[in-house]
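Trainee: Below you will find the structure I want to go over with you.
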Amino acid sequence: MSLSRRSLLLTGGVVAAAGALPAGQALAQDVEAAAPVPTSRNPLTSRNPLVEKRADPFITPPTDGMYYMTGSVPEYDRIVVRGASTLDGLATARERTVWRRPASGTMGGYIWAPELHRIDGKWYIYFAAGDSDQPFRIRTYVLESPSADPREATWTLRGQMVTGWDSFTLDATTFVHRDKRYFLWAQSEPGIATNSNLYIAEMASPLALKSAPVRIAVPTLNWEVQGFKVNEGPAVLIRNGRVFVTFSASATDARYCMGLLTADENADLLDARSWTKSPQPVFTTNTATSQYGPGHNSFTRVGDVDVLVYHARDYRDITGDPLFDPNRHTRVQRLYWNADGTPSFGVPVGRGEVPVRLHPLDAPHAVIRHYEYRLRVDGDVRELADSQFRVVDGFLGAGTVALQSVNFPDRYARTDGGDLRIDPYEDTDAYGRAASFVLEEGRSGLSLRQGDLHVTHDTGRLVMARLGTSREARERATFRVG
């Protein structure tokens with residue numbers, strides 16, 4: 001096979017399978033010659049987790065051709081930054097310590113959840129710190145650097161971010177909307193019996209607030225109060241006429257999860273009535289993928305693709321306090337969007353390469369998905385994980401691939417007569433033949449072949465059929481990776 005799985009995933013995977021075509025003519029190339037079709041790209045990373053033992057991960061948007069990453073280290077004693085020109089490169093990039101806590105006194109306790117922001121030509125790190133004699137006396141502080149590269153040792157402590165109360169404060173972020181810069185954070189407000197709520201204020205500068213805090217979220221729903229009553233870790237994404245704020249809730253074990261706040265982009269963001277909380281969490285523990293306690297996310301971007309950054313564990317059971325279990329690993333996966341403009345998070349995917357979605361070339365807004373274990377083609381699939389697959393090595397050796405379901409990782413796409421379905425893996429020759437496909441490189445999409453039959457879609461059904469001679473027939477058997 002001329003195309004590796006790594007190049008498929010990192011370069012946007014435009015692949016076609018050779019079928020009953022004259023002189024070895026590539027299916028997708030033939031389709032493109034008749035009607036050029038731009039390909040989707042999936043240029044994220046070849047691995048998950050991206051970085052191990054880094055909780056509360058924050059990856060900047062690309063800045064002067066670089067991604068920079070910071071996060072909580074298991075020792076909670078310092079702030080680290082790494083940088084690379086690609087997301088994949090962050091995995092092996094040299095990490096540099098840019099600040100250490102003092103040996104005693106203020107900020108000599110736990111150091112949590114740093115965020116790195118470029119504002120008016122300078123870098124700022126907002127972080128939470130406790131005191132040496134009271135490590136849980138957490139407040140928010142800010143560092144400033146004039147350097148173009150935040151990995152340089154040019155950081156100056158600019159002091160504490162003063163909010164409405166001198167109380168437990170953490171997980172600050174900042175964003176600009178309609179030419180105003182906002183500060184968004186979690187805090188324990190005196191008189192409210194919660195561990196932390198979410199607040200927003202306009203900023204006078206990167207170091208100070210301009211307006212009084214406005215409370216926009218309090219943990220009241222069942223999924224927000226498991227173990228602790230927590231709303232924390234806000235992250236902002238402005239898309240499709242709305243301002244979306246994700247946040248994390250409950251204890252930091254397997255019950256940790258993510259919720260969503262939404263405001264209209266034209267609304268007054270300093271009016272608590274502008275914000276609506278989704279009634280259900282949007283990202284939760286998934287036992288099938290062995291991902292537990294996903295949360296404390298941020299967002300970055302690769303080209304025109306939004307990327308969800310978060311941490312999760314690979315196991316449920318924890319010995320002792322979850323805060324001191326070091327194995328919250330940094331993960332990334334593509335964030336998709338529903339037809340109504342709302343974000344679609346899916347499930348935290350398991351270890352391995354990033355999954356893909358497959359869109360028919362003649363129906364670019366539809367996607368291959370499984371429903372009741374049968375494969376079909378549908379539009380506006382809100383159950384994102386039903387339409388995500390990993391391209392893995394096939395069961396018939398070199399030159400074959402298999403499609404592994406993301407939310408049922410023990411199941412693979414296999415032929416069932418003329419139809420296709422996802423079935424649990426069986427260590428048999430018959431299963432291997434039914435679940436292995438030939439895949440070859442093309443320019444406008446991918447197709448999959450078994451013998452002289454191609455995977456094609458027919459009025460919603462995904463079937464195995466002999467390839468027709470018309471361009472329309474070829475497009476039904478060609479799928480774009482996205």
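The values are calculated or read from the model by the stated rules, or taken from the named source; none is laboratory data. Only a predicted model underlies this, so the values are computations on that prediction, with no experimental measurement involved. Heads up, the Cβs are rebuilt from the backbone with ideal geometry, glycines too, and the neighbour counts pull from every protein chain shown. Accessible surface is based on the protein model in full, side chains and every heavy atom, while ligands, DNA and RNA are left aside. Shrake-Rupley method; radii C 1.70, N 1.55, O 1.52, S 1.80 Å.
Trainee: Scan around Leu335 for amide H atoms under 5 Å from its own, H built in the peptide plane at 1.01 Å from N, and keep only partners 5 or more places away or cross-chain.
Mentor: Hits under the 5 Å cutoff: Asp306, Val307, Leu308.
Trainee: Students often forget the sequence filter, so: which lysines lie under 22 Å Cα-Cα from Lys277 once same-chain residues fewer than 8 apart are removed?
Mentor: Filter leaves Lys229.
Trainee: Follow-up question, since we're still on this one. How large is the accessible surface per residue of the chain, computed with a 1.4 Å probe and reported in Å² as a whole number? Each step should come with its number before you reach the end.
Mentor: Details: 18870 Å² over 482 residues.
The answer is 39 Å² per residue.
Trainee: For region 376-482, with only Lys/Arg (+1) and Asp/Glu (-1) charged at the beta-carbon, what is the dipole magnitude about the Cα centre, in debye rounded to 20?
Mentor: Details: 15 positive and 18 negative charges, 82 e Å.
The dipole of region 376-482 has a size of about 400 debye.
Trainee: Next question, about the same structure. Enumerate the calculated ³J(HN,Hα) couplings along region 340-349 in order (Karplus 6.51 cos²θ - 1.76 cosθ + 1.60, θ = phi - 60°), each rounded to whole Hz, writing x wherever the residue is Gly or Pro.
Mentor: 8, x, 8, x, 10, 8, x, 10, x, 6
Trainee: Would you kindly derive the ³J(HN,Hα) couplings of region 184-193 from the backbone phi angles with the Karplus curve 6.51 cos²θ - 1.76 cosθ + 1.60 (θ = phi - 60°), listing them in order in whole Hz, with x for Gly and Pro?
Mentor: Going residue by residue, I get 9, 7, 10, 7, 8, 8, x, x, 10, 7 Hz, with x marking Gly and Pro.
Trainee: Further question on the same structure: Between Phe228 and residues 5 or more places away or on another chain, which pairs have amide H atoms under 5 Å apart, with H built 1.01 Å from N, and which residues are they?
Mentor: Ala251
Trainee: Using only alpha-carbon positions, what ratio does the radius of gyration of region 345-396 give when scaled by 2.2 N^0.38 Å?
Mentor: Values: Rg = 11.8 Å, N = 52, 2.2 N^0.38 = 9.9 Å.
In units of the 2.2 N^0.38 Å rule of thumb, it is 1.19.
Trainee: Continuing with the same structure: Provide the per-residue ³J(HN,Hα) series for region 272-286, in order, calculated from phi with Karplus coefficients 6.51, -1.76, 1.60 and θ = phi - 60°, each as a whole number of Hz, with x at glycine and proline positions.
Mentor: After applying 6.51 cos²θ - 1.76 cosθ + 1.60, I find 4, 6, 6, 9, 10, 9, 5, x, 10, x, 9, 7, 9, 3, 10 Hz.
Trainee: Quick one: Debye curve from the C-alpha atoms of region 341-482, no solvent, what's log10 I(q)/I(0) at q = 0.09, 0.10, 0.12, 0.13 Å⁻¹?
Mentor: Calculated log10 I(q)/I(0) at the listed q: -0.24, -0.30, -0.44, -0.52.
Trainee: For a quick check of understanding: with a 1.4 angstrom probe and all protein chains in place, what accessible area in square angstrom does Asp264 have, to the nearest ten?
Mentor: 80
Trainee: Towards the positive end of the charge dipole of region 215-287, with charges on Cβ (+1 Lys, Arg; -1 Asp, Glu), say which of Val282, Thr246, Trp223 has the farthest Cα.
Mentor: The listed residue farthest towards the positive side: Trp223.
Trainee: Something else: Taking the Cα centre of the chain as origin and charging only Cβ (+1 Lys, Arg; -1 Asp, Glu), how large is the dipole, in debye to the nearest 20? Before the final figure, lay out each step's value.
Mentor: Working: 54 positive and 56 negative charges, 95 e Å.
Result for the chain is approximately 460 debye, rounded to the nearest 20.
Trainee: Per 10 Å bin from zero, what fraction in whole % of the C-alpha pairs of region 151-213 is there, up to the bin with the longest pair?
Mentor: Reading upward from the zero bin: 20, 48, 26, 6, 0.
Trainee: With label points built 7 Å along Cα→Cβ from the Cα atoms of Val176 and Ala208, find their separation and express it in nm.
Mentor: Each label point is offset 7 Å from its Cα along the Cβ direction, giving 2.1 nm.
Trainee: Rounded to the nearest Å, what's the spacing between the alpha carbon centres of region 351-385 and region 147-216? Just the number, please.
Mentor: Taking the Cα centre of each part, region 351-385 and region 147-216 sit 40 Å apart.
Trainee: Another question, then. Can you compute the charge dipole magnitude of region 202-349 about its Cα centre, using +1 on each Lys and Arg Cβ and -1 on each Asp and Glu Cβ, nothing else charged? Give it in debye, rounded to the nearest 20.
Mentor: Working: 14 positive and 15 negative charges, 14 e Å.
For region 202-349, the charge dipole is close to 60 debye.
Trainee: So for the chain, taking the charge dipole from beta-carbon charges (+1 Lys/Arg, -1 Asp/Glu), which of Pro190, Thr156, Ala235 sits furthest toward the positive end?
Mentor: Checking the options against the dipole of the chain, the answer is Thr156.
Trainee: Now, a different point. Over 15 Å, how big is the tail of the calculated P(r) for region 361-445, in percent of all Cα pairs?
Mentor: On the way: 2116 of 3570 pairs.
Roughly 59 percent, rounded to a whole number.
Trainee: Please give the direction-averaged projected area of the C-alpha convex hull for region 86-218, in square nanometres with one decimal. Provide the component values of the computation, followed by the final result.
Mentor: Numbers: hull surface 38.2 nm².
Convex hull of Cα atoms, orientation-averaged projection: 9.5 nm².
Trainee: A follow-up question, please. Between region 235-310 and region 67-93, what is the separation of their alpha carbon centroids in Å?
Mentor: A separation of 22 Å, based on Cα centres.
Trainee: 222 nm [θ] for the chain, helices only, -39500 (n - 2.57) per DSSP H run of 4+, per residue, to 500?
Mentor: Details: 5 runs with 31 residues, N = 482.
The per-residue figure over the chain is -1500 deg cm²/dmol.
Trainee: Which shape class, rounded, prolate or oblate, goes with region 251-304 when its Cα gyration tensor gives a ≥ b ≥ c as root eigenvalues, a/c under 1.5 marks rounded, and past that a/b bigger than b/c marks prolate?
Mentor: Numbers: a/c = 2.93, a/b = 1.65, b/c = 1.77.
It comes out oblate by the Cα gyration axes.
Trainee: Rounded if a/c is under 1.5, else prolate if a/b is larger than b/c, else oblate: which is the chain, with a ≥ b ≥ c the root eigenvalues of its Cα gyration tensor? Kindly include the intermediate steps, with their values, before the conclusion.
Mentor: Details: a/c = 2.10, a/b = 2.07, b/c = 1.01.
Prolate is the answer for the chain, as a/c is 1.5 or above and a/b outweighs b/c.
Trainee: Could you point to the residue in Pro348, Pro326, Ala363 farthest towards the positive end of region 324-394's charge dipole, with +1 and -1 charges on the Cβ of Lys/Arg and Asp/Glu respectively?
Mentor: Pro326
Trainee: List the relative contact order of the chain as a percent without decimals, with contacts defined as Cα pairs under 8 Å and 6+ residues apart. Before the final figure, lay out each step's value.
Mentor: Numbers: 1327 pairs, mean separation 77.2, N = 482.
Relative contact order here is 16 percent.
Trainee: OK, next. Given H placed on each backbone N at 1.01 Å, which residues far from His177 in sequence or on other chains put an amide H within less than 5 Å of it?
Mentor: Result for His177 returns Tyr182.
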